[in-house]
Amino acid sequence: MTAYRRIPVTPQVRVIVDNDFAGDPDGLLALAHHLLADAAVIRGVTGTSIAMEGLPYDAGSPAREVAEELIRRLGVDEPPVSDDVQVRFDELSGATDGARLILEESRRDDELPLVIACGGPLTNVASALREDPTLADRAELVWIGGGAYPDGAWEYNLALDVAAAQFVFNESRLRVAQVPQHVYRQCLMSIAELETGLRRAGEFGAWLYDRFTSPPDFIRIGGIWPMGDSPPVLITALGTESSIFRTVDAPWIVEDGTYAQHPEPRPLVVYDTIDARLLFADFFARLELRTRTEEGA
């Protein structure tokens with residue numbers, strides 16, 4: 001076997017990954033990608049299992065359970081994983097376990113900037129900010145959610161916990177980079193691409209692929225699977241030069257998910273395009289490198 005040198009990659013950022021991991025498995029794919037990335041150091045994983053009406057989650061912490069299983073199967077250094085939050089922000093009686101994890105990491109003395117990469121509702125982020133508003137000085141949020149600018153609209157991650165999104169946008173000064181619905185929908189993977197890419201990636205790839213094979217009864221799969229939770233990996237661990245983004249005034253979020261003018265606006269970065277080619281080519285390349293290492297090739 002010929003030994004070769006790896007290109008040295010310097011970590012650029014600390015990341016806490018927040019998602020509803022027990023829901024659509026695209027969040028698990030994005031978590032695996034983040035954990036495999038060289039330029040991001042994953043310092044924690046926080047989860048939500050807040051259900052839309054009529055679609056309840058199992059009791060306990062299903063997001064935590066599946067995230068911990070993924071981390072074990074991937075064989076990487078194990079970051080702390082929080083218990084799920086299962087109630088919305090305005091129903092909380094205290095800080096969530098995820099909020100405590102976020103705040104603990106934000107107070108660590110570390111030269112790397114901290115980013116919270118959220119692919120679901122903003123419950124844990126809002127809880128952390130309510131517990132300690134100075135978090136806004138120590139972290140930045142990359143959020144998959146909200147409707148298109150300038151007007152906004154109903155969107156799943158926002159609708160799961162409107163009160164949390166309102167607190168983060170309307171009441172806090174947290175720096176936000178936002179990937180709205182019409183942009184994260186650019187991240188599509190064909191079913192054939194998903195199947196071949198995962199099934200050739202050893203036992204871990206087979207396990208992850210199996211998460212995609214039992215969608216809820218109400219979902220009808222065509223030729224594609226949306227991978228809308230993956231853009232934060234590109235933004236934190238790869239690079240944004242080939243994507244398009246702009247700075248706008250952060251909006252005031254209204255109860256119906258639309259945007260109004262904020263009385264005290266702050267700058268917000270909003271993405272208009274995401275380089276899906278770079279994103280998914282990197283994911284499958286990292287899986288292949290991991291599989292080769294595992295097999296001693």
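The values are calculated or read from the model by the stated rules, or taken from the named source; none is laboratory data. None of the values given here were measured: they were computed from a predicted structure. Methodologically, a virtual Cβ is constructed for each residue, glycine included, from the backbone with ideal geometry; neighbour enumeration extends over all protein chains shown.
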How many residues does region 239-267 hold that are surrounded by 20 or more Cβ atoms within 10 Å (Cβ to Cβ) and under 23 Å from Val17 (Cα atoms)?
-> 2
Complete set of residues in region 105-135 that are in contact (Cβ under 8 Å) with a residue 60 or more places away in the chain, over 21 Å from Gly27 (Cα atoms) and within 20 Å of the chain's Cα centre (by Cα) = Glu105, Leu112, Pro113
Within region 124-143, track down each residue that is out of contact with any Leu (no Cβ under 6 Å at 6 or more places or on another chain) and assigned to a strand (DSSP E or B).
-> Glu140, Val142, Trp143
Where a residue in region 70-81 is over 17 Å from Glu105 (Cβ atoms) and its partner, wherever it lies, is among the aromatic types (Phe, Trp, Tyr), with Cβ under 6 Å and at least six apart = Arg73/Phe204; Arg73/Trp207; Leu74/Phe204
Do we find a residue being within 27 Å of Val115 (Cβ to Cβ) and of a type in the set (Lys, Arg) anywhere in region 191-205?
-> no
Just a yes or no: is a residue in region 176-187 without any contact (Cβ under 8 Å) to a residue 60 or more places away in the chain and under 24 Å from Val87 (Cα atoms)?
-> yes
Looking only at region 265-297, and only at residues there that are assigned to a loop (DSSP other than H, G, I, E, B) and closer than 21 Å to Leu122 by Cα, the one that is nearest to the chain's Cα centre (by Cα) = Arg266
Region 99-118, residues that are over 25 Å from Thr10 (Cα atoms) and buried (at least 24 other Cβ atoms within 10 Å of the Cβ) = Ala99
Name the residue, out of Ala63, Ala126, that is in contact with a Ser or Thr (Cβ under 9 Å, 6 or more places away or on another chain), surrounded by 22 or more Cβ atoms within 10 Å (Cβ to Cβ) and either at pLDDT below 95 or among the basic types (Lys, Arg) (or both).
-> Ala63
Counting only helices (runs of 4 or more DSSP H) entirely within region 144-251, those with at least 2 residues that are of a type outside the set (Phe, Trp, Tyr), in contact with a strand residue (DSSP E or B) (Cβ under 9 Å, 6 or more places away or on another chain) and more than 23 Å from Ala39 (Cα to Cα) are 156-160, 162-166, 181-184, 191-199
Mind checking which pairs have a first residue in region 160-174 that is at pLDDT 95 or above and a second that is hydroxyl-bearing (Ser, Thr, Tyr), Cβ under 6 Å, 6 or more apart or different chains?
-> Asp161/Thr123; Ala164/Thr123
Would you confirm whether any residue within region 99-109 is among the aliphatic types (A, V, I, L, M) and part of a loop (DSSP other than H, G, I, E, B)?
-> no
Can you tell me which residue within region 75-97, out of those that are surrounded by fewer than 17 Cβ atoms within 10 Å (Cβ to Cβ) and part of a loop (DSSP other than H, G, I, E, B), is modelled with the highest pLDDT?
-> Pro80
